[in-house]
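Please read the structure below before turning to the comments.
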Amino acid sequence: MADNIPAGSTTEGAIQVGQQAQQPADARVSAPASYDVADFPVPHGREEDWRFTPLERLRGLHDGTAEATGGLRVDVTAPEGVIVETVDRGDARLGRAGKPVDRVAAQAYSSFEKASVVTVPKDAVLTEPVRIAVHGEGGVAYGHTQIEVGAFAEAVVVIDHTGDATLAANVEYVLGDGAKLTVVSVQDWDRDAVHVAQHTALVGRDATFKSVVVTFGGDVVRLHPRVIYGGPGGEAELYGLYFTDNGQHQEHRLFIDHDTPHCRSNVAYKGALQGKDAHAVWIGDVLIRAVAEGTDTYELNRNLVLTDGARVDSVPNLEIETGEIVGAGHASATGRFDDEQLFYLMARGIPHDEARRLVVRGFFAELVQQIGMADLEERLLAKIEQELEASVS
Amino acid sequence: MATLEIHDLHVSVEAENGPREILRGVDLTVKQGETHAIMGPNGSGKSTLAYSLAGHPKYTVTGGTVTLDGEDVLAMSVDERARAGVFLAMQYPVEVPGVSVSNFLRTSATAVRGEAPKLRTWVKEVKEAMEHLQIDPSFAERNVNEGFSGGEKKRHEILQLELLKPAIAILDETDSGLDVDALRVVSEGVNRVRETGQVGTLLITHYTRILRYIKPDYVHVFAAGRIVESGGAELADKLENEGYAAYVKGGASGE
């Protein structure tokens with residue numbers, strides 16, 4: 001890759017309107033989905049969904065050469081009433097949320113041996129979060145996790161990824177009618193970790209799904225959160241926050257499939273980048289199918305480039321097959337914190353380091369408030385502070 | 001009493017074919033309570049003087065001294081100058097994404113005053129200052145200068161001037177791009193600060209229009225990187241009638 005990648009962004013976007021049911025112009029709509037890795041060719045890097053990903057740094061997760069060596073610890077702590085199981089790959093419940101849609105997700109699905117299944121029974125309202133600690137000890141692992149929240153149950157699940165691992169995984173969220181699930185997935189990996197995962201949510205009738213994805217660590221992190229609606233009235237809020245340092249590749253690809261009438265989705269991802277060859281990728285795909293009347297969707301991505309040498313690719317895509325919707329929109333912007341801004345703040349008496357902190361904290365503050373979880377809020381702000389300290393010194 | 005003394009100031013910028021000297025020996029003394037208008041044609045170096053005093057990294061001081069009450073301003077970093085009491089209202093204020101006006105103002109006031117202003121009095125202070133400048137309260141929640149109109153940017157600069165109460169205020173073409181109403185509002189803001197008698201004002205402008213609202217004690221004509229003529233307010237009238245032609249054509253008189 002060239003050394004002098006311009007700081008800033010390449011921002012592309014597309015809004016397509018009209019009936020295109022026969023042959024969707026957009027490849028992702030017809031992307032194959034399969035549980036079997038053999039159904040996907042090995043990507044070479046020019047495919048639409050792989051073109052931003054450094055395949056050579058995936059340690060073979062994408063081409064079948066990465067053999068599982070274990071070394072991944074998964075500890076689930078759950079409040080009373082929650083059923084926590086470790087099941088074999090043959091368990092009939094697995095795979096219900098949706099099929100893998102790319103080679104690595106299918107590889108994970110074809111390769112995992114045991115899955116963690118967390119079930120929150122119907123009507124249960126948890127007062128404490130379920131905590132899933134995923135800790136890597138340096139090996140190659142294929143994971144599978146399913147979280148099911150029964151009808152009218154309410155739960156918060158926090159998944160923490162730490163340590164060093166080469167991990168390909170699928171996470172399924174299955175929400176019953178009227179269920180409320182908030183999932184926080186924190187990627188706080190050591191510097192060398194590789195993590196590729198598909199998060200698939202099946203949102204039941206009138207259910208509310210809230211996802212918070214926080215990515216700080218790793219060498220390569222590529223997450224693919226997907227939302228599918230199982231019935232009308234479903235609501236999905238997807239928030240993301242990333243801080244990409246020099247050499248890191250952090251990619252978040254979202255897909256919201258409005259295949260059901262009267263559902264809502266709201267996406268807001270924000271990232272800061274600093275250092276040479278820091279690369280953040282954000283893909284926001286929203287499809288409003290012809291049947292999905294009354295859809296209300298909005299997606300936003302904001303990036304703040306703090307230093308030269310970082311790169312952002314931000315691509316929102318909105319495909320609309322019906323005009324009978326409440327609203328649909330997207331926004332993507334990448335701003336630079338540059339010397340002129342620094343001069344302006346310093347000319348008002350604000351010292352250099354504080355000026356940087358002010359800008360970054362301010363940039364994330366609104367999103368952190370929107371997430372609306374007090375204890376997470378503190379943790380996030382502390383972590384952002386830590387990232388900044390590392391860069392300032 | 002605060003005094004800014006500029007002596008034989010020489011400043012260069014990096015150009016394609018090496019450094020280019022823009023300021024060629026500026027001498028000027030501005031005392032607290034005084035208002036000096038610096039007028040001159042485009043390209044005469046007026047803005048370079050403003051940004052050099054504030055410490056913009058683009059400009060290299062190659063000679064001369066600048067002191068504030070005897071302290072060496074040129075040895076200070078940009079933020080140190082601001083905390084020492086030098087304020088530059090910029091011609092082109094910079095957008096700062098992610099930072100709200102209210103957060104910015106408070107952080108800045110805390111830095112300049114050396115302690116965080118008491119919240120209750122601070123809120124009142126900001127509210128009043130914004131009312132004076134006819135700034136909508138919703139402004140406080142917007143990001144600094146982001147999407148501001150030209151007039152809003154200038155009012156925001158003067159809002160900072162009113163809140164930070166500097167010893168020396170440098171207003172760089174604050175009048176440019178303002179309609180008459182906005183010019184009046186902004187000028188009133190500057191005058192409120194001047195009336196305290198606590199600020200020395202360096203008013204840099206191309207046009208005499210703003211001098212109808214802000215009466216200078218001294219007028220200096222700036223040409224080719226230095227002050228070429230100084231006088232009282234009457235000098236502005238002469239410039240109004242005759243323009244800068246006499247100064248840019250090597251001293252030749254007439255149009």
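Derivation of every value follows stated rules applied to the coordinates shown; laboratory data play no part. The shown structure was predicted, so the numbers you read here are calculated from the model rather than taken from an experiment. Every residue, glycine as well, gets a Cβ built from its backbone with ideal geometry; the counts of neighbours run over all protein chains shown.
Considering only beta bridges that DSSP places wholly inside chain A, some 10 percent are antiparallel.
Taking the Cα centre of segment B:3-248 as reference, the dipole from Cβ charges on Lys and Arg (+1) and Asp and Glu (-1) amounts to some 480 debye. Per residue of B:100-107, other chain Cβ atoms within 10 Å of the residue Cβ number 3 on average.
Placing unit charges on the Cβ atoms of the charged side chains and taking the dipole of chain A about its Cα centre, the candidate lying farthest along the positive direction among A:301, A:130, A:351 is A:301.
Model label sites at residue A:114 and residue B:146, defined 7 Å from Cα along the beta-carbon direction, differ in position by 4.7 nm.
Counts of other chain beta carbons within 10 angstrom of each beta carbon in peptide A:333-344 average 5.
Model label points for residue B:124 and residue A:85, set 7 angstrom from Cα along the Cα-to-Cβ axis, are 6.6 nm apart. Here the Gaussian network model covers chain B, with springs between Cα atoms less than 10 Å apart; of B:44, B:52, B:102, B:102 fluctuates the most. Taking a ≥ b ≥ c as the square roots of the Cα gyration tensor eigenvalues, with a/c under 1.5 meaning rounded and otherwise prolate when a/b beats b/c, else oblate, which class fits segment A:9-338? Rounded.
Given a Förster radius of 45 Å and the C-beta distance between residue A:39 and residue A:131 as r, what FRET efficiency does 1/(1 + (r/R0)^6) yield to the nearest 0.05?
Taking R0 as 45 Å, the efficiency between residue A:39 and residue A:131 is 0.85.
Would you please state which residues of segment A:237-279 a label at residue A:386 would reach in this model, taking the label point 7 Å out along Cα→Cβ and a backbone N cut-off of under 14 Å? Answer for segment A:237-279: A:243.
To one decimal place, what Kirkwood hydrodynamic radius in Å is obtained for the protein assembly as shown from all pairs of distinct Cα atoms? Before the final figure, lay out each step's value.
Values: mean 1/r = 0.0359 Å⁻¹.
The answer is 27.8 Å.
For A:311, A:57, A:46, B:24, the sequence from fewest to most other C-beta atoms within 10 Å is A:46, A:57, B:24, A:311. Remark: mean inter-chain Cβ contacts per residue of B:83-93 equal 2, using a 10 Å Cβ-Cβ cutoff to other protein chain atoms.
Its convex hull of Cα atoms gives segment B:104-255 a direction-averaged projected area, equal to a quarter of the hull surface, of 10.4 nm². Net charge in the neighbourhood of residue A:98 (other residues with Cβ under 13 Å of its Cβ; Lys, Arg +1, Asp, Glu -1) is -1. For the pair residue B:42 and residue B:29, label points projected 7 Å from Cα toward Cβ lie 3.6 nm apart. Helical content alone sets the calculated 222 nm signal of the protein assembly as shown at -7000 deg cm²/dmol, taking -39,500 (n - 2.57) per DSSP H segment of four or more residues and averaging over every residue. The charge dipole of segment A:9-338, taken about its Cα centre with unit charges on the Cβ of Lys, Arg, Asp and Glu (plus for the first two, minus for the last two), comes to roughly 180 debye.
Counted over chain B, the DSSP beta bridges are approximately 60% antiparallel. Across the cross-link table entries A:383/B:118; B:31/B:215; A:270/B:154; A:180/A:270, which are compared at the Cα atoms, the separations over 19 Å belong to A:383/B:118; A:270/B:154; A:180/A:270.
Assuming R0 = 22 Å, what is the FRET efficiency of residue B:15 and residue B:61, from their Cβ-Cβ distance, to the nearest 0.05?
According to the calculation, E is roughly 0.85.
Dipole of the protein assembly as shown computed with +1 at Lys/Arg Cβ and -1 at Asp/Glu Cβ about the Cα centre; of A:225, A:342, B:61, farthest Cα towards the positive end is B:61.
Cα centroid distance between segment B:65-90 and segment A:319-343, in Å? For segment B:65-90 versus segment A:319-343, the Cα centre distance is 40 Å.
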